[in-house]
2 protein chains.
Amino acid sequence: MADLEIRDATAGDLPAIVALLADDPLGAQRESPDDLTPYAAALDRLSADPSQHVVVAVRDGRVVGTLQLSIIPGLSHKGATRALVEAVRIHSDERGSGLGSRLIEWAIDTSRRLDCKMMQLTSDKTRRDAHRFYERLGFTASHEGFKLRL
Amino acid sequence: MADLEIRDATAGDLPAIVALLADDPLGAQRESPDDLTPYAAALDRLSADPSQHVVVAVRDGRVVGTLQLSIIPGLSHKGATRALVEAVRIHSDERGSGLGSRLIEWAIDTSRRLDCKMMQLTSDKTRRDAHRFYERLGFTASHEGFKLRL
């Protein structure tokens, strides 16, 4: 397999990123790949915020994965900074290839470099395969994840 | 009961905030109320970041509750901004008084004003009372919450 590059997402990556977000039983119901306007506005906001890192994994010039890493200072745990991972998506052609592990390992390395003491993420309770994946990487499902639509 | 004020935390509130963080079966193991140095550095960082809101609830001049609200832009859900709630603590004298609801309602109102589409938080699986509290406020325990110490 060709080498993999993990780099910051740019506006040119948006069609591929949104296609990944929508290519999923949950994402298909809530994304709009035919109208990129709201995503472009959100990427502008993300790019202007030094605590936000949206990256893409690129192989052979093609976006095959993405995730968002957010760096969040805090008071608890003796003033520990946390890293939050959201919106992890792997192209269907690449599932099982180790790409998910590569992306999460990138996030772990980056978070350690930025002096984060903890990484956290939530995963929908229906995503059983994802839960096994995160447990294999050393995560503990120690918390309930609550959501409220506003 | 006297009126309640919810306002941004200042350095003068740190002894009371850290006492709240430590007055808890989980917090007692991981906080250092006798050394506020790391908390002061973290509060400086939080105060400099317009996406972070650490607030205290004050009654009769006394800090009786705290939470942190983080505003996180994102691409998924059509570029939706999320609100993350962390480090919710209520003074033992005030538990069951409705103060927790007042603080979460403050967070919900603030998040809506800032155009957030979703609020999320995780709660340790041992905190059963907290889970009932969030469910009463309309949250759904739809996700597994994974953590990894770095």
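The values are calculated or read from the model by the stated rules, or taken from the named source; none is laboratory data. Everything numeric here is computed off the predicted structure, so don't read it as measured data. Positions of Cβ are backbone-derived with ideal geometry, glycine not excepted, and every protein chain shown enters the neighbour counts. The protein model used for the area step is the full one, side chains on, heavy atoms only, and it has no ligands, DNA or RNA in it. Shrake-Rupley method; radii C 1.70, N 1.55, O 1.52, S 1.80 Å.
Pairs of Cα atoms nearer than 8 Å and 6+ residues apart set the relative contact order; for segment B:4-136 it is 21 percent.
Across all directions, the average projected area of the convex hull around the alpha carbons of segment B:33-94 is 5.9 nm². Expressed as a fraction of 2.2 N^0.38 Å, the C-alpha radius of gyration for chain B is 1.05. Rg ratio for the protein assembly as shown: its Cα radius of gyration over 2.2 N^0.38 Å, N being its residue count, equals 1.01. Distances, shortest first, from the label point of A:R62 to those at the same position in the other copies read 6.5 nm; the point lies 7 Å along Cα to C-beta.
Within a Cβ distance under 15 Å of A:P73, other residues only, what is the Lys/Arg minus Asp/Glu net charge? Surrounding charge for A:P73 is -2.
For the rotation that carries chain B onto chain A, the axis lies closest to a Cβ at B:G145, 2, where the number is the distance in whole Å.
Using a probe of 1.4 Å, the accessible surface attributed to A:D44 totals some 110 Å² when neighbouring protein chains are kept in position. Cross-linked pairs B:K78/B:K147; A:K78/A:K147; A:K147/B:K125; A:K117/B:K125; A:K125/B:K147: Cα-Cα separations exceed 22 Å for B:K78/B:K147; A:K78/A:K147.
Mean separation of Cα pairs under 8 Å and 6 or more residues apart, divided by the residue count, gives segment A:39-80 a relative contact order of 27 percent.
With its label point defined 7 Å out from Cα along the Cα-to-Cβ axis, A:R149 lies at 3.9 nm from the matching points of the other copies, in increasing order. Of the two radii for segment A:95-150, the radius of gyration is 1.00 times the Kirkwood radius, both from the alpha carbons; that is the Rg over Rh value. Shielding by partners for peptide B:62-75, expressed as the average number of C-beta atoms from other protein chains within 10 Å of each residue's C-beta, is 5.
Each copy carries a label point for A:R30 at 7 Å from Cα along the beta-carbon vector; from one copy to the others these points are 2.6 nm apart, nearest first.
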